[in-house]
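The values are calculated or read from the model by the stated rules, or taken from the named source; none is laboratory data. Values in this document were obtained by computation on a predicted structure and should not be read as measured data. Cβ sites come from the backbone with ideal geometry, for glycine too, and all protein chains shown count toward neighbours. Protein only, heavy atoms only, side chains kept; ligands, DNA and RNA dropped before computing areas. Shrake-Rupley method; radii C 1.70, N 1.55, O 1.52, S 1.80 Å.
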Amino acid sequence: MTQAKTPLLQVTDLVRHYALPREKLLGPPPTVKALNGVSFEVQAGRSVGIVGESGSGKSTIARLVMALDKPTSGSVKLEGRELHALSRDELRTARRDFQMVFQDPYGSLDPRQTVARIVAEPLEALAQVSKKEQRERAAESLAAVGLRPTDLDKYPHEFSGGQRQRIAIARALITRPKLIVADEPVSALDVSVQAQVLNLMQDLQQQFGISYLLISHDLAVVNHLCDEVCVVFKGQIVERRTPQELFANAQHPYTRTLLGAVLQAPGH
Ligand code: ADP
Ligand code: MG
C-alpha cells in the first residue's frame, strides 16, 4: 500500500468564536460563531479556493492559517507540524514557508517605506540576510511580478492599485514560500486589472510550484486558479469539489446562488 503524503496544509475541526462585550452583568458574554468546525487540506503544489459570502468566516480562516489569530479549538498543521503549538522563534522561521497577500493594496503597504524595504520585509525575520542580499532578492522578486529594479526606490503612492498588488505579491514571494494565502487579492482592483493579477498568480504557481489558499467571495476568481473549491456558509464548509464539478453539479443551495451570480455576470 502506498502511504498518503503529508499535506502541505491540514486544517482540522477549526473553530473560532469571538466573545463580544457583555451586555448584562450576569450570564455568559455573547459570542459570534465565526467558524464552526472547518476541515480541509492543501496538497503540495495544489491550490484550494475558499468561497463564500461576506461574513461567512473566510478571513477568519486566513488569519488562523497564518497564525495571526488563535483558534478556539481545532488544528492547523503545516507539513505535519501543529502551527499553533510553535514557539515565537519557531513560528518566525516557519513563516518563510507561508506568506500572505491581503485584499487592500493601499492599506497593506506602509506608505512611508520604499518598495525595496516593503518587499524585503519578510527577510528581516530570518537571520543572516545582509542588506545587500535583501536588495538583490527584492529586485528579483520585483522582476518576477513584472516590475523593474528602478521601482525599488519608489514609494507605494507612485503605483496603481494593480501594481501595488504586484508589490504585495513580490513581498510574499521573497522567501520562496510553499504556500501563499491570498485573501480577496483582486477584489479591490478594477475588473480589467483583476485578470492580469490572476494571470500573474497563475504564472508564479507554475514557475515556482506555489500552492495558493485563495479566498474570494467570487467563484469566478477561484475557478481560475484552484484545483479544488471549498464553499463556506456561516462558518462551515458546505461543499467541496473541483471547479468543474461545482459548475456541473452544485449540491448546496447556497452554491447554486453563487453560481447564478457567476453565470449572470457579463462576460461569463
Ligand atoms: P468574511 O471574511 O467571510 O467576510 P470574517 O471571517 O471576516 O468573514 O468574519 C466572520 C464573522 O466573524 C463575521 O460575523 C464577523 O463580524 C465576525 N468577526 C470577525 N472578526 C471578529 C472579531 N475580531 N470580533 C468579533 N467578531 C468578529
Ligand atoms: Mg474577509
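Scan region 163-177 for residues that are open to solvent by 10 Å² or more (accessible area, probe 1.4 Å) and either in a helix (DSSP H, G or I) or within 16 Å of ligand 1 (Cβ to nearest atom) (or both) and jot them down. If the condition is that a residue be open to solvent by 10 Å² or more (accessible area, probe 1.4 Å) and either in a helix (DSSP H, G or I) or within 16 Å of ligand 1 (Cβ to nearest atom) (or both), then GLN163, ARG164, ARG166, ARG171 are the ones that fit.
Taking residues in region 11-34 that are at pLDDT below 85, and partners anywhere that are open to solvent by 100 Å² or more (accessible area, probe 1.4 Å) and assigned to a loop (DSSP other than H, G, I, E, B), the pairs with Cβ atoms closer than 6 Å and at least 6 places apart or on different chains are PRO29/ARG22. Restrict the check to region 43-64 and report whether at least one residue is of a type outside the set (Gly, Ala, Ser) and free of Cβ contacts under 8 Å to residues at least 24 places away in the same chain. Yes, region 43-64 contains a residue that is of a type outside the set (Gly, Ala, Ser) and free of Cβ contacts under 8 Å to residues at least 24 places away in the same chain.
Taking the criterion of being of a type in the set (Val, Ile, Thr) and more than 7 Å from ligand 1 (Cβ to nearest atom), the residues of region 47-60 that qualify are VAL48, ILE50, VAL51.
For region 97-119, the set of residues classified as of a type in the set (A, V, I, L, M), under 19 Å from the mean Cα position of the chain (by Cα) and more than 16 Å from ligand 2 (Cβ to nearest atom) consists of LEU109, ILE118, VAL119, listed by residue number.
If the condition is being away from ligand 2 (no atom under 16 Å from the Cβ) and surrounded by fewer than 16 Cβ atoms within 10 Å (Cβ to Cβ), then region 65-74 contributes LYS70, SER73.
For region 178-206, a residue qualifies if it is open to solvent by 70 Å² or more (accessible area, probe 1.4 Å), over 15 Å from HIS224 (Cβ atoms) and modelled with pLDDT of 95 or more, and exactly one does: LYS178. Comparison of LEU14, LEU35, LEU91, LEU78 shows that the only residue that is under 21 Å from LEU204 (Cβ atoms), under 18 Å from the mean Cα position of the chain (by Cα), open to solvent by less than 60 Å² (accessible area, probe 1.4 Å) and not charged (D, E, K, R) is LEU78. The residue that is nearest to PRO7 (Cα to Cα), counting only those in region 91-115 that are among the small types (Gly, Ala, Ser) and at pLDDT below 90, is SER108. Candidates in region 211-250 are the residues that are in a strand (DSSP E or B) and without any contact (Cβ under 8 Å) to a residue 40 or more places away in the chain; of these, the one that is least open to solvent (accessible area, probe 1.4 Å) is GLU239.
Filtered by the rule that a residue be open to solvent by 80 Å² or more (accessible area, probe 1.4 Å), over 21 Å from ILE210 (Cβ atoms) and in a helix (DSSP H, G or I), region 137-158 gives PRO149, THR150, ASP153, HIS157, GLU158. Condition test on VAL38, is it of a type in the set (Val, Ile, Thr) and within 14 Å of ligand 1 (Cβ to nearest atom)? When the stated conditions are applied, VAL38 passes them.
Can you tell me which residue in region 214-233 is farthest from VAL65 (Cα to Cα), limited to those that are within 13 Å of ligand 2 (Cβ to nearest atom) and under 12 Å from the mean Cα position of the chain (by Cα)? Among those residues, the one meeting the criterion is SER216.
Taking the criterion of being in a helix (DSSP H, G or I), open to solvent by less than 50 Å² (accessible area, probe 1.4 Å) and either closer than 19 Å to PHE159 by Cα or not hydrophobic (A, V, I, L, M, F, W, C) (or both), the residues of region 104-129 that qualify are VAL115, ALA116, ILE118, VAL119, ALA120, PRO122.
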